[in-house]
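Read the structure below first, then the notes.
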Amino acid sequence: GIDDLIDDLHAQAAADRDSETTPEVGIIMGSDSDLDTMAGAYDALQELGFAEQTNYDDPPEARFTFESYVVSAHRTPDLMYAYGETAADRGLDVIIAGAGGKSADLPNMTASIAYPLPVIGVPVQEKSVDSVIGMPTGAPIVAVDAGKSYNAALSAVQILAREHADLIERLETEHDDLRSGVAEVSRGLHD
Ligand code: RP5
């Protein structure tokens, strides 16, 4: 149950593991109904060579990994608090948080609890944009436009890349692909 999950998070935080064995990016969302929107974040991370780490005790399948959880601000506020509070000690470097509806509190609250760990908010529906980005002075959140979880993941990797030159190369390759894509379409228009 939720209590076991919360205990696991605290145990992982206390374990003081080598940062190369723990996920760098945490993806959380308010409901499994947000999964379609948040799939863009998985796509971007996987394209950049990140593997999903589902079991903390197994050795990671890639140098850079991510994890994902459903964490509801309203149904499981205790889990949200535990996730945000333990995030840095569990080895996370950045969190991508998505939620929708008029009570899309998960990204904002997680940003406050996990501070100063950066949180990138993804509004899951257009109507929640104000809710996710409307943070008081001194309690920042970085946010993307509604549904743009792919861009949220790219931003997360840009943050990580400040410390890992290898990730800069992967981002540059991704960017070259983007440029080639435009070039191809552009040429196509002339033909
Ligand atoms: C939010 O309420 C979730 O993030 C989701 O976008 C929305 C609806 O959730 P469900 O009722 O589909 O579980 O907290």
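Read the figures in this text as sums done on the coordinates, not as results from a lab. In this text the structure is predicted, and so the values were computed from the model without any measurement. Here the Cβ positions follow ideal geometry from the backbone for every residue, glycine too, while neighbour counts run over all protein chains shown.
Name the long-range amide H neighbours of TYR69: under 5 Å, sequence gap of 5 or more, or other chain; modelled H, no Pro or chain starts.
Answer set, sorted by chain and number: ILE27, ILE28, MET29.
Taking the Cα centre of each part, how many Å lie between region 101-149 and region 49-98?
17 Å
Please compute the modelled spin-label separation between THR137 and ALA11, points set 7 Å along Cα→Cβ, answer in nm with one decimal.
Once both label points are built, they end up 4.5 nm from each other.
What do you get for the angle between helix 35-47 and the principal long axis of the chain? Use alpha-carbon atoms, 0 to 90 degrees, nearest ten.
70 degrees
Remind me, relative contact order of the chain in percent, using alpha carbon pairs under 8 angstrom and six or more residues apart?
Reported relative contact order: 23 percent.
Residue by residue through region 25-34, what is 3J(HN,Hα) from phi via Karplus (6.51 cos²θ - 1.76 cosθ + 1.60, θ = phi - 60°)? Round to whole Hz and write x for glycine and proline.
Coupling constants for region 25-34: 10, x, 9, 10, 8, x, 7, 5, 6, 8 Hz.
What ³J(HN,Hα) values, in whole Hz, does the Karplus curve 6.51 cos²θ - 1.76 cosθ + 1.60 give for region 3-9 when θ = phi - 60°, with x put for Gly and Pro?
For region 3-9, the Karplus curve yields 4, 5, 4, 5, 4, 4, 4 Hz.
Assuming R0 = 41 Å, what is the FRET efficiency of GLN125 and ASP176, from their Cβ-Cβ distance, to the nearest 0.05?
E between GLN125 and ASP176, to the nearest 0.05, is 0.80.
On a full-extension model of 0.36 nm per residue, what is the gain between GLN158 and GLN46, subtracting their alpha-carbon distance, rounded to one decimal in nm?
Here the answer is 38.9 nm.
Any idea what angle helix 149-161 forms with the longest principal axis of the chain, computed on alpha-carbon atoms, 0 to 90 degrees, nearest 10?
Once rounded, one gets 80 degrees.
Can you give the translational diffusion coefficient of region 2-164 in µm²/s, computed by Stokes-Einstein from the Kirkwood radius over Cα pairs at 25 °C and 0.890 mPa s?
Calculated translational D: 160 µm²/s.
Taking amide H atoms as placed 1.01 Å from N in the peptide plane, list the residues 5 or more away in sequence, or in a different chain, whose amide H sits under 5 Å from that of VAL94.
GLY26
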